[in-house]
């Protein structure tokens, strides 16, 4: 049994992932903004086998609240053995292009606030000499594309931060996992036209569950996104800049 902190717990991917961990009889600490969803999720996790479930509401974009949050979770559970960071936004690219304020907001939510949490968690796990940190990034950070380069910038920076963190924490036996899901059919993407590349969040959650247990380092979900992005990254810039991607 281990203690798992879930940040962005009510997201579709996090919810399905925690159902798998609940069945393994772990203790969960759930954090998100919607109290009614958290309350329902708590009951769901207990029914599925979680030994204990705590939750609290918090706007995770507010980095000033992070240290107190980690302290509360640690005090409540005794230790944090695993953390899954699964929150973020997928904003309107055109609005960010028109306004630096909108751009900064997206960078704050999808990158800077996550780095704030990772800094605190990394120091704590480094001191305890164990732990697993799993963070949802995105293939969008592998190369800037006109359709979503603001979001891609945030995720690209986050991915590089995680690379450095993994390198730093390896000697302390702390596992760092970068998760790169492709198109996932969730409430966040409800307005998008779906196609054959889209995946069910249950499929993504199973991949995350297995990757955490096997202590993987970087995973693309589904697996074929690794090869899609490999092709995209190798397109010469002279050609790439004219593509509508």
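The values are calculated or read from the model by the stated rules, or taken from the named source; none is laboratory data. Note that the coordinates shown come from a computational prediction; the quantities given were computed from them, not determined experimentally. With ideal geometry, Cβ positions are generated from the backbone for all residues, glycine too; neighbour counts draw on all protein chains shown.
When each of 69, 117, 28 is tested for being surrounded by 21 or more Cβ atoms within 10 Å (Cβ to Cβ), part of a helix (DSSP H, G or I) and in contact with a strand residue (DSSP E or B) (Cβ under 9 Å, 6 or more places away or on another chain), the lone residue that passes is 117. Just one of the numbered conditions (1) outside any helix (DSSP H, G or I); (2) free of Cβ contacts under 8 Å to residues at least 40 places away in the same chain; (3) closer than 29 Å to residue 218 by Cβ is not true of residue 53: (3).
Would you confirm whether any residue within the stretch 142-149 is within 15 Å of the chain's Cα centre (by Cα), modelled with pLDDT under 95, farther than 29 Å from residue 68 by Cβ and surrounded by fewer than 18 Cβ atoms within 10 Å (Cβ to Cβ)?
Within the stretch 142-149, not a single residue is within 15 Å of the chain's Cα centre (by Cα), modelled with pLDDT under 95, farther than 29 Å from residue 68 by Cβ and surrounded by fewer than 18 Cβ atoms within 10 Å (Cβ to Cβ).
Checking 180, 206, 202 one by one, the residue that is within 16 Å of the chain's Cα centre (by Cα) and buried (at least 20 other Cβ atoms within 10 Å of the Cβ) is 180 and no other.
Got at least one residue in the stretch 175-197 being under 14 Å from residue 84 (Cβ atoms), modelled with pLDDT of 95 or more and in a helix (DSSP H, G or I)?
no
Please determine whether any residue of the stretch 34-48 is touching a residue at least 40 places away in the same chain (Cβ under 8 Å) and either touching a strand residue (DSSP E or B) at 6+ places or on another chain (Cβ under 8 Å) or not in a strand (DSSP E or B) (or both). No - not one qualifying residue is present in the stretch 34-48.
Of all residues in the stretch 72-91, those satisfying the criterion of being within 20 Å of the chain's Cα centre (by Cα) and either at pLDDT below 95 or assigned to a loop (DSSP other than H, G, I, E, B) (or both) are 80, 81, 86, 87, 88, 89, 90, 91.
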